[in-house]
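Inspection log for the structure reproduced underneath, given as structure tokens.
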């Protein structure tokens, strides 16, 4: 439980600090190269949900993250494995970090941009990264657990 709480709060703080810094120091839609054009900071306000995709109902932007937080929190609190506390903490923090933006601003602050020339991944943030890493780690855990059920 402590690992879940510490992970969640740490990532939320990191996410909100980085979003605040880039919002104050970058000009919207003006790329700043970090590693050439492969990795750059590119401030955008994501009005959509996943990869900026719009939904017809504005309520969706709030209901889906809240539902996700409730489900992951329920699963996390039932788990007694430290590793899963960390992993669920990553997912909770990501969902909460983006929900905080949505509530405060009506959009999500995205700024990490990766790609080669015009082939770019959708711009993302620390919260998005946290969710993706958490999901990858859960999938890896489940795959390994199926191969070795006694682990």
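Applying the selection to the stretch 115-150, what residues are assigned to a strand (DSSP E or B), surrounded by 12 or more Cβ atoms within 10 Å (Cβ to Cβ) and in contact (Cβ under 8 Å) with a residue 24 or more places away in the chain?
Residues of the stretch 115-150 assigned to a strand (DSSP E or B): 115-116, 119-120, 124.
Next, from what is left, pick out any that are surrounded by 12 or more Cβ atoms within 10 Å (Cβ to Cβ): 115, 120, 124.
If the condition is that a residue be assigned to a strand (DSSP E or B), surrounded by 12 or more Cβ atoms within 10 Å (Cβ to Cβ) and in contact (Cβ under 8 Å) with a residue 24 or more places away in the chain, then 115 is the only one that fits.
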Single condition residue 45 does not satisfy, out of (1) loosely packed, with under 15 Cβ neighbours inside 10 Å; (2) in contact with a helix residue (DSSP H, G or I) (Cβ under 9 Å, 6 or more places away or on another chain); (3) not in a helix (DSSP H, G or I):
(1)
Within the stretch 83-114, restricting to residues that are more than 17 Å from residue 17 (Cβ to Cβ) and in contact with a strand residue (DSSP E or B) (Cβ under 9 Å, 6 or more places away or on another chain), the one that is surrounded by the most Cβ atoms within 10 Å (Cβ to Cβ) is 113
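A short reminder: the numbers here are calculations on the coordinates, not readings from a lab. Predicted, not measured: the structure shown is a model, and the values here were computed from it. So basically every Cβ, Gly included, is an ideal-geometry build from the backbone, and we count neighbours across all protein chains shown.
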